[in-house]
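The values are calculated or read from the model by the stated rules, or taken from the named source; none is laboratory data. Since the structure is predicted, the reported quantities are computational estimates derived from the model, not experimental observations. Cβ sites come from the backbone with ideal geometry, for glycine too, and all protein chains shown count toward neighbours. The protein model used for the area step is the full one, side chains on, heavy atoms only, and it has no ligands, DNA or RNA in it. Shrake-Rupley method; radii C 1.70, N 1.55, O 1.52, S 1.80 Å.
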Amino acid sequence: MKLIKRFILNRPAEKRLAYFYGMVATDEQVWLLRDENGDLLLLEDDDGEYPFLLPVWPSRSFAEMEVANIDESYEAFNIPLLNFFDLLVDIENDGGATAIFPNKNDTTIQKRDEIKVMIRNL
């Protein structure tokens, strides 16, 4: 793992959030993880506000770093921003939210409308 990626990943959640939106606004895609059955990686919400969280990353390399940290077999894949917003409708209909660029220490949790506003304002 390159030093700069490790540095970015270890930044506080608000710094990673800014990095995430900068990358997503430029690339117009987000990165997720799925298993061999095509099921998305979902996380538990430690605060219990949501039944689950959908983690997303700004690039393949950061998503693959997460794969290296979990026991199960997942692969990183990208999804265009417009399709991502459609997916978030289903996630939120099931009570979930999005974990933006999580690491082991913290994450920012956002809903679809917040994400759209952040991207629109860039």
request  = At 1.4 Å probe size, with no ligands or nucleic acids counted, give the accessible surface of Met65 in Å², nearest ten.
outcome  = 30 Å²
key: Residue-by-residue Karplus 3J(HN,Hα) for the stretch 90-97, coefficients 6.51, -1.76, 1.60, Hz, glycine and proline x   = 5, 4, 6, 4, 8, x, x, 9
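How high is the relative contact order of the chain? Use alpha-carbon pairs under 8 Å, at least six apart in sequence, and give a whole percent.
Numbers: 184 pairs, mean separation 36.4, N = 122.
Across the chain, relative contact order equals 30 percent.
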query = Counting every Cα pair in the chain, what percent are over 22 Å apart?
reply = 28 percent
ask   = Under a 5 Å amide H to amide H cut-off, with H placed in plane at 1.01 Å, what residues pair with Leu41 once short-range neighbours are removed?
value = Leu33, Arg34, Asp35
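With a 1.4 Å probe and all protein chains left in place, how much of the accessible area of the chain comes from carbon and sulfur atoms, in whole percent? Each step should come with its number before you reach the end.
Numbers: 3340 of 7140 Å².
C and S fraction of accessible area: 47 percent.
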query = Does anything in the stretch 68-100 have its amide N under 18 Å from the 7 Å Cα→Cβ label point of Lys111, and if so which residues?
reply = 85-100
Accessible surface, the chain, averaged per residue in Å² (probe 1.4 Å) = 59 Å²
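How much of the DSSP bridge set in the chain is antiparallel, in percent, rounded to the nearest 5?
Roughly 75 percent of the DSSP beta bridges within the chain come out antiparallel.
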query = Given springs between every Cα pair under 10 Å in a Gaussian network model of the chain, which of Ala76, Ala63, Ala18 has the largest fluctuation?
reply = Ala18
key: Ile70-Phe85 pseudo-label distance in nm [points 7 Å out on the Cα-to-Cβ vector]   = 2.6 nm
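Where a ≥ b ≥ c are the square roots of the eigenvalues of the C-alpha gyration tensor, would you call the stretch 63-122 rounded, which needs a/c under 1.5, or, failing that, prolate if a/b is larger than b/c, or oblate? Walk me through the numbers before you get to the answer.
Details: a/c = 1.75, a/b = 1.59, b/c = 1.10.
Since a/c reaches 1.5 and a/b is larger than b/c, the shape of the stretch 63-122 is classed as prolate.
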query = What are the residues whose amide H is under 5 Å from the amide H of Val30, where those residues sit 5 or more places off or on another chain and H is modelled from the backbone?
reply = Ile79, Leu81
